[in-house]
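The values are calculated or read from the model by the stated rules, or taken from the named source; none is laboratory data. As the structure is a prediction and not an experimental result, all values here were calculated from the model. Reconstructed Cβ throughout: ideal geometry from the backbone, glycine too, with neighbour counts over all protein chains shown.
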Amino acid sequence: MAAPVFDVPEIKNEIEIPKLREGVMAHAKTFPATKPVQDFMGYPHELPEDWKERAIDKMGDLLGKYRSLKVFLDACVHCGACTDKCHYYLGTSDPKNMPVARQDLMRQVYRRYFTTAGKLFPKLVGAKDLTQDILGDWYNYYHQCSECRRCSVYCPYGIDTAEITMAGREILNHVGMGQKYSNEILGKVQKIGNNLGLPGPALEDTLEGLEEDIEADTGVAVKMPLDVKGAEVLLITPSADFFSEPHVESLIGYAKVFHAAGISWTLSTHASEAGNFGLFNGNYETMRKVAMRIRDSAIELGVKRIVVGECGHAWRVAYSFWNTLTGIGYGGDDPFSIEFQKQLDPNYPQPQHICELTNDLIKSGKIKVDPSLNDDLVVTYHDSCNVARASRMGTEPGGQFTIPRELIKSVVNNFHDMADGTIGEATFCCGGGGGILTDDLLEVRVKGALPRATALNNVVKEHKVNFMAMICAICKAQFTKVLPKYGFDMSMVGGVHQLVSKAIKLDKAE
Amino acid sequence: MGLSTVTMIYAGMFYIAALVMAIGLVYKIVDYSRTPVPLKIPTTPAPTTRSGVIFRMAKEVVVFESLFKANKWIWIFGWLFHFGLLLVLLRHLRYFTEPVWFWVDIIQPFGKYASFMMVIGMLGLLARRFLVDRVRYISTPSDYLMLVLLIAIGVTGMLMTFVVHTDIVALKMFFLGLMYFDVQPLPQDLTLLIHLAMVAFLMLIFPISKLLHAPGLFFSPTRNQVDNPREKRHAQAGWAKQVNQTK
Ligand code: HEM
Ligand code: SF4
Ligand code: SF4
């Protein structure tokens, strides 16, 4: 099955709000998950006879479990403030990609089956019976949402369409309409330990190869330890860091940082993945199972600190959810979390982001850097959505914006931010997050990247920017694939620790 | 003196409407507060303390901060409407209090003109529903009707304030009577009857309509949560608590 051909949108001077064009993305259907994949996840693989009851039951179940869903489905006043905030609407002009319209795909059904007004006067309040067509709309448009939360910044009630999308995908899974890409990955991470399905021995080989490369390159024997018991730090990083370009450059950067600072660290085969696609599918139990691998490894290896590499949604799960799901963090008062929290070194935040760690080391002089080694670059920074709007770094609100920038500015001399309204809390998603980084959705991904490409284009023209730094594995994979369609060179894309890697001085700091 | 049928109908109508609104809202609020919040999902950057959250929330309620970031037109119309509505409602307190609270007297003159703010704001919002293609696309019949209903309430009210005055003293007796379960005759001008019928209807639909945005905002986890997941284990949510403590 080849993905359909499509026109790449033209980059304009400004991000423009398009006139709506109904149905233009109705054809974009991600590949469905096959039987073995759905079996493993415990979902049906085709529409069961009683699909309608199952879907409504599941919706009722979720409404009882998540206050967010219930309040968000009730509270929207159709004010329209969010309608021009989604990169997929801006890039496709399909009205069903407006956040509120995406919510309404579910709200119309919610109103019909769960509210008095919708039961009595469906037409009046836009309530509809659940049909296969509506399920089809859910399948299409809940896979054209990257769960980036940009809409939730602007909604006067903080309605987060990501919560609706997650619930939608969960219901779809329960009626046998799973997505191939995400569910395959969830299978791999649970069976093998990482999303790429890279088995232990292959990982070991890869790391050895990298060690040789670094030594050949720098003359210093920087190690990439795996499954080392008693190491101080367990590094949890997206598996793409092990052998995708440009991700691997950042992995080399982390290794150099640990080496230069003299911190003992290790990777883990059992937990060789920071990413957690359980988030995307809205399945709490799956998300927890995937996260528990990290706690288990940390206990097994006896580490005192857990540090997370460059990955946006992984950092959301780690920062916001790990403590709840697995007790990685502080302040638990139940035996399950106390037992584990005793093991952790209370002098550090747990989990800690690699940018927090490196930035602290540079600021305190524990590692030395020479920013002039990056003088060939004019750098800008792409705030990844999950880091920007669903997590924090440091102790102050907004540390997720200042710390990566501080770090970048300490290792490069030329830095320019993209325009306000496209960075910080207003950042535009790369277009490939939230479980849609798959070739069968390439059109959605390319079009969804239009706002970011526009903002980037402006700093390229104005400041000759030639490198966009980021801290997300999905962003890196997405941009290296889609930015070339807009005429950018894919070597413009890379990690923050790729910059650190170039600037860091490996001989012992005096 | 016997009470007219109209008085009896209106008295019954207001009792029912008030009851439905109160019970409906309490039911919704209890339901919201009983539904668990299994995870930390504040939209960040978010305050790291409870008092910070109260300040964030206050900004949302008083100045519609997020809406201000989003869209200046909706913000200006929406804020005119709500602030006008608030003043008008406060002004109405003088029909329910005896003696009238002193601060109600102070805002009385502003309240009188606030109705213009309110109606202008709503006309602006209504115009957007027709004129902006994106807003037109998402509007349901009830969205238009809600605005029309509120505008009609506002306009009939303004008519009585500025054009066809009604017997305010008798009206006040009627409402005080309702409050003390001693029903008094209601003045029977057409404008007043229309105004009151629409108000009762609005109260009736409050708990089953999008007007739930008012209580909803306070229960929105993206706005009311403290951003401290690393420092404090968030694990009080009913069903998830069991799940979270097994190995
Ligand atoms: C805590 C109190 C309240 C807050 C914070 C609040 C806030 C908001 C905001 C931010 C909007 C969106 C912007 C707009 O369209 O104006 C809105 C819309 C609306 N509000 Fe409220 N509101 C509150 C109470 C009320 C009450 C008591 C009523 C009516 C009796 C009301 C009626 C409406 C209506 C009808 C709309 C939709 C306007 C439209 O169709 O565009 N609100 N509210
Ligand atoms: S969460 Fe992001 S992708 Fe989804 S509707 Fe909102 S803005 Fe669009
Ligand atoms: S901004 Fe919020 S309330 Fe307004 S239409 Fe969008 S989701 Fe609904």
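For this structure, a couple of remarks:
- If you filter the range A:77-100 down to residues that are surrounded by 24 or more Cβ atoms within 10 Å (Cβ to Cβ) and hydrophobic (A, V, I, L, M, F, W, C), you find that the one that is nearest to ligand 2 (Cβ to nearest atom) is A:Cys86.
- A residue that is among the hydrophobic types (A, V, I, L, M, F, W, C), under 18 Å from A:Gln38 (Cα atoms) and either free of Cβ contacts under 8 Å to residues at least 40 places away in the same chain or part of a helix (DSSP H, G or I) (or both) cannot be found anywhere in the range A:173-183.
- Residues (more than 24 Å from the chain's Cα centre (by Cα) and crowded, with 19+ Cβ neighbours inside 10 Å) located in the range A:186-205: none
- When the residues of the range A:223-252 are filtered to those that are more than 19 Å from A:Gly275 (Cβ to Cβ) and among the small types (Gly, Ala, Ser), the one that is surrounded by the most Cβ atoms within 10 Å (Cβ to Cβ) is A:Ala231.
- Of the helices (runs of 4 or more DSSP H) lying entirely inside the range A:294-389, the ones with 1 or more residues being at pLDDT 95 or above, away from chain B (no Cβ under 11 Å) and out of contact with any strand residue (DSSP E or B) (no Cβ under 7 Å at 6 or more places or on another chain) are found at A:312-316, A:354-363.
- Reported count of residues in the range B:192-230, each being of a type in the set (S, T, N, Q) and away from ligand 2 (no atom under 16 Å from the Cβ), is 4.
- If the condition is being under 16 Å from A:Met106 (Cβ atoms) and near ligand 2 (Cβ under 8 Å from one of its atoms), then the range A:132-166 contributes A:Gln144, A:Cys145, A:Glu147, A:Cys151, A:Ser152, A:Asp160, A:Thr161, A:Ala162, A:Thr165.
- Spans of helices (runs of 4 or more DSSP H) in the range A:91-159 with at least 1 residues assigned by TED's automatic domain parsing to the domain that holds A:Asp383: none
- The set of residues in the range A:210-222 being under 14 Å from A:Leu267 (Cβ atoms) and surrounded by fewer than 18 Cβ atoms within 10 Å (Cβ to Cβ) consists of A:Glu211 alone.
- Any hit, the range B:221-234, residues being at the interface with chain A (Cβ under 8 Å from one of its Cβ atoms), within 15 Å of ligand 1 (Cβ to nearest atom) and surrounded by 17 or more Cβ atoms within 10 Å (Cβ to Cβ): yes
- Considering the range B:1-79, the qualifying helices (runs of 4 or more DSSP H), each wholly inside and each with 3 or more residues that are out of contact with any helix residue (DSSP H, G or I) (no Cβ under 7 Å at 6 or more places or on another chain), run over B:5-34, B:50-63.
- Test: residue in the range A:28-36 that is more than 17 Å from A:Trp138 (Cα to Cα), of a type outside the set (Val, Ile, Thr) and assigned to a loop (DSSP other than H, G, I, E, B): no
- Test set (1) part of a helix (DSSP H, G or I); (2) surrounded by fewer than 23 Cβ atoms within 10 Å (Cβ to Cβ); (3) away from every other protein chain (no Cβ under 13 Å); (4) not small (Gly, Ala, Ser) - A:Val290 fails condition number: (2)
- Test: residue in the range B:90-112 that is free of Cβ contacts under 8 Å to residues at least 60 places away in the same chain, of a type outside the set (Lys, Arg) and either within 16 Å of ligand 3 (Cβ to nearest atom) or within 14 Å of another protein chain (Cβ to nearest Cβ) (or both): no
- Test result for A:Cys86, within 14 Å of chain B (Cβ to nearest Cβ), hydrophobic (A, V, I, L, M, F, W, C), closer than 30 Å to B:Arg34 by Cα and touching a residue at least 60 places away in the same chain (Cβ under 8 Å): no
- Some residue of the range A:410-429 being in contact with a Leu (Cβ under 9 Å, 6 or more places away or on another chain), at pLDDT 95 or above, assigned by TED's automatic domain parsing to the domain that holds A:Glu300 and closer than 22 Å to A:Arg305 by Cβ: no
- Each residue in the range A:360-408 was checked for being among the acidic types (Asp, Glu) and within 16 Å of B:Pro47 (Cβ to Cβ), and 1 of them qualify.
- Taken over the range A:37-76, the residue count meeting the criterion of being assigned to a loop (DSSP other than H, G, I, E, B) and free of Cβ contacts under 8 Å to residues at least 24 places away in the same chain is 3.
- Among residues of the range B:127-140 that are part of a helix (DSSP H, G or I), those with a Cβ under 7 angstrom from a residue that is within 12 Å of ligand 3 (Cβ to nearest atom) and among the small types (Gly, Ala, Ser), sequence gap 6+ or separate chain, pair up as B:Arg128/A:Gly80; B:Arg129/B:Ser139; B:Arg134/A:Gly80; B:Val135/A:Gly80; B:Tyr137/A:Ala101; B:Ile138/A:Gly80; B:Ile138/A:Ala101.
- Yes/no for B:Phe206 being aromatic (Phe, Trp, Tyr) and either closer than 30 Å to A:Leu120 by Cα or part of a loop (DSSP other than H, G, I, E, B) (or both): yes
- Residue within the range B:150-164 that is outside any helix (DSSP H, G or I) and surrounded by fewer than 18 Cβ atoms within 10 Å (Cβ to Cβ) present: yes
- In this entry, A:Leu407 passes the filter for residues that are more than 27 Å from B:Arg223 (Cβ to Cβ), surrounded by 23 or more Cβ atoms within 10 Å (Cβ to Cβ) and in the same structural domain as A:Thr266 (by TED's automatic domain parsing).
- Single residue of A:Gln144, A:Gln108, A:Gln132 found to be of a type in the set (S, T, N, Q), closer than 24 Å to A:Pro32 by Cα and crowded, with 17+ Cβ neighbours inside 10 Å: A:Gln144
- Here A:Val465 clears all of (1) part of a loop (DSSP other than H, G, I, E, B); (2) buried (at least 24 other Cβ atoms within 10 Å of the Cβ); (3) over 17 Å from the mean Cα position of the chain (by Cα) except the condition numbered (2).
- The C-beta contact set for the range A:333-351 (first residue assigned by TED's automatic domain parsing to the domain that holds A:Trp315, second residue part of a helix (DSSP H, G or I) and modelled with pLDDT under 90, distance under 9 angstrom, 6+ apart or interchain) comprises A:Asp334/B:Lys241; A:Asp334/B:Asn244; A:Phe336/B:Asn244; A:Ser337/B:Asn244.
- Residue in the range B:157-170 that is within 14 Å of chain A (Cβ to nearest Cβ), touching a Ser or Thr at 6+ places or on another chain (Cβ under 9 Å) and either within 16 Å of ligand 1 (Cβ to nearest atom) or without any contact (Cβ under 8 Å) to a residue 12 or more places away in the chain (or both) present: no
- Some residue of the range A:422-436 being over 22 Å from the mean Cα position of the chain (by Cα) and either over 24 Å from A:Pro371 (Cα atoms) or outside any loop (DSSP other than H, G, I, E, B) (or both): no
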